[in-house]
Structures are given as C-alpha cells and as structure tokens.
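The values are calculated or read from the model by the stated rules, or taken from the named source; none is laboratory data. A quick note: this is a predicted structure, and the numbers were derived from the prediction, not measured. Heads up, the Cβs are rebuilt from the backbone with ideal geometry, glycines too, and the neighbour counts pull from every protein chain shown.
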C-alpha cells in the first residue's frame, strides 16, 4: 500500500538550481567532530565548496542547531535551543533522499523548508531545516512540537491526518494562538478530513500572525506516513503564491516517496 497524493495544482514552476548538500549530511559531519570544523573542511567532507555549504551552516546557526566556536569553527550546539526546547535526538536512520527533498524544496521556493517526523512520545521532531537569514521563519517554532500544538500547525495536521491511532491519543490544548486557530474538536476533525482528501495541509496564520505554511506527507516504502515536508513563509507571499507553493510541496513529497520506495 502506498499513499498516492493528488496531482499538484497548476502553478509557477521553477528551474532547478545546482545541487547543494542537505542539512542532515552537514549535521552528521558536525556530530562526528564535537570540537568543531571550519567551513572549508566541512565543504571538503561533503564534496562541496565553502560557498555551497555556507547557506546550510547559516540555517543551522539560525535554527540553534549549531554554533560558532571562538576559533571560527562550527559545531553542534549543546543544551537547550529554539525557545528553551532541547534539541531532538537526530534520527540517523532517515534516508538521505529525505534530506535531499528538503534541499530541493528550498531551491524551488526560496523559503524555509523543513522535515518533521513522529517521535515515540507523540511529539513531532523537526529533523531537517533549510533556509537562510532574511527569509521568514515561523517565530518560536520548537524543535520538538508537543501534542498540545497539534491543532495549530500544518505539519502536525498532516501527520495526525494519516495516523488515526495517534489522533485518538492526542489531546490538543485548543489554545487560540491567533484569531484563525482551530479551537474545537469538531473543526479539527473536519480539517483532518480535508487534509486526507487533498493530500496537503495549510496553516493560514493559525499559529503565528503574519506567517503561513504548506505541508505534504511522505509515505515510507511500507505505505506509512512517517514524515512530512513543509515550507514556511510570510503570509503575504503565502497568499499570493499559494497554488505554486502547493504544487511544489506536493511534487517534492511525491518524488521523495518514489525515490525512497526504490
């Protein structure tokens, strides 16, 4: 069994950009060298130039996953990150194709692109992130998304929609983060039904004013939706380019599933 996502809507298509290393690959190198590694050495280990890995490192610094040492090297950042939330344990077993999908989505949209997966405790872990400073990233988005926020984010809507057993265990807090937040079980279940029907989820300023998100599921070779890929961007661009963003996110998710399946 596999999830066959709906055909993407018509929208602007973007010419492919040169390949760049994914965040998971860079994180693996940093994890193996806790004392730190400079940009040139990091690029050499990834088979890229310093200029090609700089956007990846910038994204890791911005997200709080990495830090710069006094000597100018880069290393994983210990301790709490992203608003006091401890950095999630990285799932090294995730296939490289998913990291490549995040990079591809970032290249297509030039917006923050990220990958989210289920954790064993019903939290959602942000395990890959691509972007650069100057792009709009949802403020205070935790690296570990708790069940209490499941009603307000596109990434959680997608994963819950395709995991009915998880829905029964979740107890969203129904906090109204903005006037657009879903705050009742009936409306939430109706939203999950729409996500299952359309094959993607939207966050229309439901978690943070001024920000929107488009997210699509990625099914593993066994047909289980175990990850979701998304873009986050300012609401004005979200509204103006919605059709193209939906087309890009669902197309990248579909391609990632097919490549993972092989």
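Among the listed residues 141, 129, 137, 94, which satisfies the condition of being outside any helix (DSSP H, G or I), at pLDDT below 70 and surrounded by 20 or more Cβ atoms within 10 Å (Cβ to Cβ)?
After ruling out the rest, the residue left standing is 137.
Identify the single condition in (1) modelled with pLDDT under 80; (2) surrounded by 17 or more Cβ atoms within 10 Å (Cβ to Cβ); (3) in contact with a helix residue (DSSP H, G or I) (Cβ under 7 Å, 6 or more places away or on another chain) that residue 63 does not satisfy, given that it satisfies every other one.
So the condition that residue 63 fails would be (3).
Regarding residue 188, is this residue out of contact with any strand residue (DSSP E or B) (no Cβ under 6 Å at 6 or more places or on another chain), in a loop (DSSP other than H, G, I, E, B) and buried (at least 16 other Cβ atoms within 10 Å of the Cβ)?
Spelling it out, it is not the case that residue 188 is out of contact with any strand residue (DSSP E or B) (no Cβ under 6 Å at 6 or more places or on another chain), in a loop (DSSP other than H, G, I, E, B) and buried (at least 16 other Cβ atoms within 10 Å of the Cβ).
Of the residues 80, 34, only one is in contact with a strand residue (DSSP E or B) (Cβ under 8 Å, 6 or more places away or on another chain), farther than 19 Å from residue 132 by Cα, loosely packed, with under 15 Cβ neighbours inside 10 Å and at pLDDT 75 or above; which?
Working: 80 fails: at pLDDT 75 or above.
None of the other options fit; the residue is 34.
Taking the condition out of contact with any strand residue (DSSP E or B) (no Cβ under 7 Å at 6 or more places or on another chain) and either surrounded by fewer than 17 Cβ atoms within 10 Å (Cβ to Cβ) or closer than 19 Å to residue 124 by Cβ (or both), does residue 216 pass? Don't jump to the end; show me each part of the working.
Numbers: out of contact with any strand residue (DSSP E or B) (no Cβ under 7 Å at 6 or more places or on another chain): no; either surrounded by fewer than 17 Cβ atoms within 10 Å (Cβ to Cβ) or closer than 19 Å to residue 124 by Cβ (or both): yes.
Criteria not met by residue 216.
Looking only at region 194-207, which residues are in contact (Cβ under 8 Å) with a residue 40 or more places away in the chain and in contact with a strand residue (DSSP E or B) (Cβ under 9 Å, 6 or more places away or on another chain)?
199, 200, 201, 202, 203, 206, 207
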